[in-house]
Amino acid sequence: MNFNLTEEQQMLQDSLRRFLANEYGFDKRRDIIAAGNGLDKPTWNAFAEMGLLGYTLPEEYGGLGGNAMDTLLVMESFGRALVVEPYLSTVVLGAGIIEDAGSEEQKERILPKIASGEEFLAFAHQEPGGRHNLDYVRTEIQKHGADYILNGRKTAVLNAAGAHYLIVSGRRHGRPTEPVSLFLVNHDTSGVEIEEYTTHDGHRVADVILDSVMVSDDDRIGARGQAMPIVEKGVDRAIAALCAEAVGAMEALNETTLDYVKTRQQFGMPLSKFQVVQHRLADMFIAAEQAKSMAILAASMADSDDRKQRREAISMAKALVGQSARFVGQQAVQLHGGMGVTDEMFAAHLFKRLTLINLQFGDADYHLGQVSDGLLKSA
């Protein structure tokens, strides 16, 4: 496989990194988080103008026809700058699911507005008590004449408060033996209640309460009871994107740590002169490079229709990237000393983001278990 970037991909990466370096500094990010909505509209509009919001969407819906490898480049750059805008929830997860399984009417109505930056999506699937198990769905779907009623609670839904549409999973009468279906729910539908809060890394999530929410067959995404393959592929694509974001954050953390030890004096010389510090920096660099290789593997498999191979590759990548993120983050904090956990230091925010990325959609231990279980089944 050729891992070299095409000329177009190189231009995308260069222009995006240049934009973020000039327009999305540390202070700007803190202001966005303090504003409380997890979004700077001028920045989001700039992403739309650069083609980022529709980069992986088909051309007939205003996109550029890219793939998960293109998403890797975007998310890696976002990781370096700690971008908090809802790219993962809207573009990677939401638009990806609509593109995979939405009706033609849904695609024509929503995808062009995603590409232009006008609308946002949120994937409301995870439920209290479910941990990382995607099959844990207790939200009830009840038939009501020609329509359906949804009742349930979703937790830690990324950017739910700012989404125009929620992609909601449920089962008939909430029974765990029933197949899963997906519905597109307008955020202002009667019965939808959103309880928003901020995660420790500054991102916005919410618990979504569904109390007798009315939907129709036109709101269904995909065939009735056939949603789990759609959910799994959508989440796998999101995990691949998170792996790329983690790589970008690790690279930025390595760079800022190197700059710090070059200037921090101890015993009359910079910390970077001590051999033990040099060894730590080398180990951190190796960990980030290993993670990058696995992120590329995840991206190369994220669009595959081979469920077994895709899920295996994604879990292997998430496990190693999570382990590398923990190691690089902990070493960076140690090398910064007490300053490494203060709000004024960029390193502290990188470490927080890496910690949360490790937890999203299953931590390193969970995915290591998935890989080992798969090996036992195939033995």
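The values are calculated or read from the model by the stated rules, or taken from the named source; none is laboratory data. All values reported here derive from a predicted model rather than from experimental measurement. Please note: Cβ atoms are built from the backbone with ideal geometry, for glycine as well, and neighbour counts cover all protein chains shown.
This table checks each residue for (1) surrounded by 14 or more Cβ atoms within 10 Å (Cβ to Cβ); (2) of a type in the set (A, V, I, L, M, F, W, C); (3) within 29 Å of Thr71 (Cα to Cα).
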residue	(1), (2), (3)
Gly268	no, no, no
Val276	no, yes, no
Asp283	no, no, yes
Ser300	yes, no, yes
Met316	yes, yes, yes
For this session: Looking at (1) on the phi > 0 side of the Ramachandran plot; (2) crowded, with 17+ Cβ neighbours inside 10 Å, find the lone condition where Ala101 falls short.
Result: (1)
Seminar exercise, completed: Exception for Ala206 within (1) touching a strand residue (DSSP E or B) at 6+ places or on another chain (Cβ under 9 Å); (2) farther than 23 Å from Gly362 by Cα falls at (2)
Problem set entry | Residues satisfying the stated conditions in the stretch 216-238, i.e. more than 15 Å from Asp147 (Cα to Cα) and part of a helix (DSSP H, G or I) | Met228, Pro229, Ile230, Val231, Glu232, Lys233, Gly234, Val235, Asp236, Arg237, Ala238
Exercise. Within the stretch 179-188, is even one residue out of contact with any Asp or Glu (no Cβ under 9 Å at 6 or more places or on another chain), assigned to a loop (DSSP other than H, G, I, E, B) and under 29 Å from Gly38 (Cβ atoms)?
Worked result: yes
Problem set entry | Single match in His132, His200 (criterion: surrounded by fewer than 14 Cβ atoms within 10 Å (Cβ to Cβ) and in a loop (DSSP other than H, G, I, E, B)) | His200
Exercise. Conditions: (1) part of a helix (DSSP H, G or I); (2) touching a residue at least 24 places away in the same chain (Cβ under 8 Å); (3) of a type in the set (A, V, I, L, M). Leu52 meets all but one. Number of the miss?
Worked result: (1)
For this session: Sort out which residues of the stretch 216-234 are surrounded by fewer than 24 Cβ atoms within 10 Å (Cβ to Cβ) and under 30 Å from Glu289 (Cβ atoms), and write them in order of number.
Result: Glu232, Lys233
Problem set entry | In the stretch 297-323, the residues that are among the small types (Gly, Ala, Ser), under 21 Å from Leu375 (Cβ atoms) and assigned to a helix (DSSP H, G or I) | Ala298, Ser300, Ala313, Ser315, Ala317, Ala319, Gly322
Exercise. Among the residues of the stretch 182-209, which ones are of a type in the set (Gly, Ala, Ser) and at pLDDT below 95?
Worked result: Gly202
For this session: List every residue pair whose Cβ atoms lie under 9 Å apart, where the two residues are 6 or more positions apart in sequence or sit on different chains, the first residue falls within the stretch 244-257 and is modelled with pLDDT under 95, and the second residue, located anywhere, is small (Gly, Ala, Ser) and outside any helix (DSSP H, G or I).
Result: none
For this session: With respect to Val213, determine if the residue is over 21 Å from the mean Cα position of the chain (by Cα), buried (at least 23 other Cβ atoms within 10 Å of the Cβ) and not in a loop (DSSP other than H, G, I, E, B).
Result: yes
Seminar exercise, completed: By residue number, the members of the stretch 136-165 that are part of a loop (DSSP other than H, G, I, E, B), at pLDDT 95 or above and farther than 21 Å from Leu88 by Cα are Tyr136, Val137, Arg138, Thr139
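Mind listing whichever residues of the stretch 323-345 are buried (at least 17 other Cβ atoms within 10 Å of the Cβ) and either free of Cβ contacts under 8 Å to residues at least 40 places away in the same chain or hydrophobic (A, V, I, L, M, F, W, C) (or both)? Steps first, please.
Step one: filter the stretch 323-345 for residues buried (at least 17 other Cβ atoms within 10 Å of the Cβ), giving 323-329, 331-333, 335-336, 340, 345.
Residues satisfying the conditions are Ala325, Arg326, Phe327, Val328, Ala332, Val333, Leu335, Gly340, Met345.
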Exercise. Considering only residues of the stretch 56-75 that are among the charged types (D, E, K, R) and surrounded by fewer than 19 Cβ atoms within 10 Å (Cβ to Cβ), which is farthest from Glu8 (Cα to Cα)?
Worked result: Glu60
Exercise. Does Glu85 satisfy being at pLDDT 95 or above and over 23 Å from Ala161 (Cβ atoms)?
Worked result: no
Problem set entry | Of residues in the stretch 136-188 being of a type outside the set (A, V, I, L, M, F, W, C) and closer than 11 Å to Val208 by Cβ, the one surrounded by the most Cβ atoms within 10 Å (Cβ to Cβ) | Lys154
For this session: Of all residues in the stretch 13-39, count the ones that are modelled with pLDDT of 95 or more and part of a loop (DSSP other than H, G, I, E, B).
Result: 1
Problem set entry | Condition met for Tyr197 (without any contact (Cβ under 8 Å) to a residue 12 or more places away in the chain, on the phi < 0 side of the Ramachandran plot and not assigned by TED's automatic domain parsing to the domain that holds Ser89) | yes
